[in-house]
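Inspection log for the structure reproduced underneath, given as structure tokens.
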Amino acid sequence: MSVRPTATGTITPVNHPRLTQRTAARLLAGGLVATLLLLALFPGDSSGKENRIFEQFTRHIGQQIHKDKQAFAQASSCMAWFYHKAKTPPPPTAQGISWQAAAQPEVDCPRAYPDGMDEARDDFSKTQSLLSISLTFYEFALVADRNDDAIYSRTELQDLFRTLALPYDERDQTQKQIALLTERFDSWYRSRNMDALMQGMSDLYERGYRVTPSDRSELNRVMG
């Protein structure tokens with residue numbers, strides 16, 4: 001843009017298409033450079049992706065733990081009630097169970113276990129096993145977050161998928177990766193595949209991952 005004097009002595013801008021286009025191109029280039037610098041310095045979108053994966057994966061496992069705690073508490077309470085009713089000493093159970101047990105065992109337990117003590121004892125064994133798997137899987141998910149920042153970095157995510165025998169492609173959508181992780185948990189949980197889970201934990205340990213004080217504190221919170 002240039003200027004020219006007018007009859008009144010004021011200055012009127014004169015637009016030149018070449019100059020206008022050149023200025024616009026410079027502004028556009030500058031904007032792109034600034035955007036790239038911001039993405040490099042503050043990669044919020046990429047970290048948000050990994051953050052959502054950690055959050056939703058651990059939440060999915062945590063929801064199952066809650067259900068398992070209730071089922072185990074009921075089986076434990078009813079087994080003890082049946083033993084007491086039969087006047088025989090019950091087998092030792094886990095210490096410190098404070099979860100919701102049968103509110104009225106004389107009503108709830110016969111309804112839940114119409115075949116009596118044997119059925120309650122079998123359910124106690126089953127629910128104990130399932131709770132052990134869900135808690136161990138939760139520990140596994142925490143250990144995979146190596147620096148305890150509640151975010152799976154790209155390297156942590158790669159290691160997590162590898163130890164779970166899952167294909168990893170960083171180009172996959174976040175929801176697809178979350179679905180792969182939760183489906184793996186559901187599959188191993190249903191089949192009670194503790195061997196595969198412990199092998200995955202061992203693989204993480206070989207790569208330098210460890211249970212940290214933060215992990216133990218979170219496990220204690222979930223168990224509470």
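The values are calculated or read from the model by the stated rules, or taken from the named source; none is laboratory data. Note that the structure is a prediction, hence the values are computed from the model and not measured. Reconstructed Cβ throughout: ideal geometry from the backbone, glycine too, with neighbour counts over all protein chains shown. In case anyone asks, the SASA skips ligands and DNA or RNA and just uses the protein heavy atoms, side chains included. Shrake-Rupley method; radii C 1.70, N 1.55, O 1.52, S 1.80 Å.
ASP149 to TYR83: FRET efficiency via 1/(1 + (r/R0)^6), r the Cβ-Cβ distance, R0 41 Å, to the nearest 0.05?
It comes to 0.30.
With a cap of 15 neighbouring Cβ atoms within 10 Å, and only residues DSSP puts in a loop, list the GluC sites (Glu not before Pro) found in region 119-211.
GLU170
Which value, in Å², gives the accessible area per residue of region 160-222 when a 1.4 Å probe is used on the protein heavy atoms?
Each residue of region 160-222 exposes 59 Å² on average to a 1.4 Å probe.
7 Å from Cα along Cα→Cβ at both THR182 and ARG210: what's the point-to-point distance in nm?
Distance between the two pseudo-spin positions: 3.3 nm.
Compute the distance in nm between two label points, each set 7 Å from the Cα along the Cα-to-Cβ direction, one at LYS67 and one at SER202.
3.0 nm
Please find the FRET efficiency linking SER125 to ASP169, where r is the Cβ-Cβ separation and R0 is fixed at 30 Å, and quote it to the nearest 0.05.
Result of the calculation: an efficiency of 0.15.
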